[in-house]
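Reviewing the structure listed below.
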Amino acid sequence: MAVGERERDPVTGQYTTGHDWNGIKELDNRVPRPILFFLIATALFSIVYWVLMPAWPIGVTYTKGLLGIDQRQTVEKAVEEAAAARRAAWAEDIAKLDFAEIRERPELMQIVRESGSTLFGDNCAVCHGLDGSGNPGFPSLADHAWLWGGDPEIVAETLRIGINSTHPETRFAQMPAFGRDGILDRPSISSIVSFIRNNAEGIEDLGPLDTKGVEEGARLFAENCAACHGEDGRGDPAMGVPNLMDDSWLTGSDRESLIRTISEGRQGHMPHWEDRLSELDRKILTLYVTEIINGKPEAER
Ligand code: HEC
Ligand code: HEC
């Protein structure tokens with residue numbers, strides 16, 4: 001056979017490929033059309049797929065695809081929907097029952113514990129501390145000393161409108177600045193502090209007792225402070241005025257803190273949550289504060 005001339009198979013009349021494997025030759029058949037078609041179709045499909053779907057890794061990310069379909073998101077969405085369905089069931093109960101009724105339902109209190117912990121961590125812990133035990137200037141919600149009262153109805157209202165907040169119905173309370181405004185001079189304030197520290201619970205580092213100062217302090221207290229803090233100094237939750245005779249303090253019971261508060265006054269700001277948390281979330285938080293944070297027996301606090 002001449003070079004360049006292709007060999008034909010004598011039986012079928014087809015060209016062979018020209019290779020010879022120990023006498024076995026191969027016909028040079030065309031690729032059958034259906035297979036060719038299938039190959040082209042799959043190649044086109046993969047190109048279209050790359051464009052539409054997440055496909056190629058590029059460093060730390062990947063091509064996201066025009067359709068924006070993501071299996072991880074799809075799964076997350078399904079999980080979320082399932083959680084929402086479960087939530088809807090107990091949410092309805094919590095919304096329609098009153099505080100006392102919810103307290104009697106352990107399965108709802110379990111939801112309060114879990115959901116409330118997240119809500120508290122997200123919204124309240126920055127000021128009141130993760131465990132609700134407070135920070136200087138931010139009251140403890142874990143003790144039994146309340147500015148406004150610890151009944152769930154009162155706490156729910158405090159959450160709704162805040163204290164000294166921008167809400168039109170806000171609770172309002174202000175400790176006047178007796179020193180700065182020139183109502184009391186420094187020695188008078190010092191005497192009042194001696195009187196308070198001498199009578200308040202749990203203050204041990206009293207130092208030398210200044211009997212005259214304490215007596216003078218008692219007189220000045222009755223004159224200047226009793227109108228708000230009460231004759232006995234035990235406060236008035238109806239006006240958000242703290243008890244000065246217990247061992248719970250917004251800033252501290254040391255002389256310096258007390259002198260500063262009486263000289264410069266105080267006005268704590270508790271934000272209102274009416275338009276930032278749903279009524280349901282506020283109800284859960286109210287129960288979380290009154291039952292879980294504040295509900296522990298004295299010994300466990
Ligand atoms: C920006 C800081 C801040 C955040 C956030 C905050 N609080 Fe307060 N909260 C305060 C301050 C300050 C007071 C005390 C106001 C005062 O001194 O008159 C207060 C008071 C309260 C009181 C009244 C306590 C009493 O003794 O009567 C409750 C109840 C309360 N907060 C609950 C919450 C809850 C629940 C959240 C979360 C939704 C929250 N707070 C978020 C600052 C904050
Ligand atoms: C107009 C009412 C009013 C009068 C009068 C008043 N207080 Fe107060 N006092 C308050 C309020 C309200 C607070 C809480 C302020 C806050 O945290 O927002 C407070 C807080 C305090 C605190 C801080 C308590 C703590 O837990 O740290 C001290 C101390 C105090 N007052 C002492 C006095 C003394 C002493 C006088 C008299 C010289 C006096 N107050 C007069 C309303 C009053």
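With the biggest extent put first, the Cα atoms of the stretch 57-196 measure 75, 48, 29 Å across the principal axes.
Binning all Cα-Cα separations of the stretch 15-78 at 5 Å, short to long from zero, yields these whole-percent fractions: 4, 13, 12, 13, 11, 9, 8, 7, 7, 7, 5, 3, 1.
Between amide H atoms placed 1.01 Å from N, distances below 5 Å from THR63 occur with ALA55, TRP56, ILE58, all of them 5 or more places distant or on a separate chain. Within the set of other residues whose C-beta is less than 13 Å from the C-beta of SER117, count the net charge using Lys and Arg as +1 and Asp and Glu as -1. Summing Lys/Arg as +1 and Asp/Glu as -1 gives -4. Spin-label model, ARG30/VAL126: points 7 Å from Cα along the beta carbon direction are separated by 7.4 nm. Using the alpha-carbon positions of the chain, Rg (one decimal) and Dmax (whole number) come out as 38.7, 135 Å.
In which sequence would TRP50, TRP273 go, from the one with the fewest C-beta neighbours within 10 Å to the one with the most? Write out the running numbers ahead of the final one.
Numbers: TRP50 13, TRP273 22.
The most exposed by this proxy come first: TRP50, TRP273.
Using a 10 angstrom cutoff on alpha carbons, build the Gaussian network for the chain and name the most mobile of ILE259, ILE111, ILE24. Of ILE259, ILE111, ILE24, the most mobile in the Gaussian network model is ILE24. Rounded to the nearest whole Hz, the Karplus-based 3J(HN,Hα) values (6.51 cos²θ - 1.76 cosθ + 1.60, θ = phi - 60°) of the stretch 252-267 follow the sequence x, 9, 6, 3, 4, 4, 5, 4, 5, 4, 6, 6, 9, x, 8, 8, with x at glycine and proline. Between rounded, prolate and oblate, where does the stretch 251-300 land on the alpha carbon gyration tensor, with a ≥ b ≥ c its root eigenvalues, rounded for a/c under 1.5, else prolate if a/b exceeds b/c? Oblate, since a/c reaches 1.5 and b/c is not below a/b.
Summarising the amide proton neighbourhood of TYR15: residues at separation of 5 or more, or on other chains, whose placed amide H is nearer than 5 Å comprise ASP9, ASP28.
Counting only GluC sites (Glu not before Pro) that are in a DSSP loop and have at most 14 other C-beta atoms within 10 Å, tell me the longest site-free stretch of the chain.
Longest gap between qualifying sites, sites excluded: 8-103.
Derived scalar couplings between HN and Hα for the stretch 101-110 equal 5, 5, 4, 7, 10, x, 5, 6, 5, 5 Hz in order, rounded to whole Hz, by the Karplus curve 6.51 cos²θ - 1.76 cosθ + 1.60 (θ = phi - 60°), x for Gly and Pro. Computed on the stretch 186-264, with alpha-carbon pairs under 8 angstrom and 6+ residues apart, the relative contact order is 33 percent.
Bear in mind these aren't lab numbers, they're just calculated from the coordinates by the rules spelled out. Just so it is clear, the model here is predicted, and its values are computed rather than measured. Because the Cβ atoms are built from the backbone with ideal geometry, glycine has one as well, and the counts that use them run over all protein chains shown.
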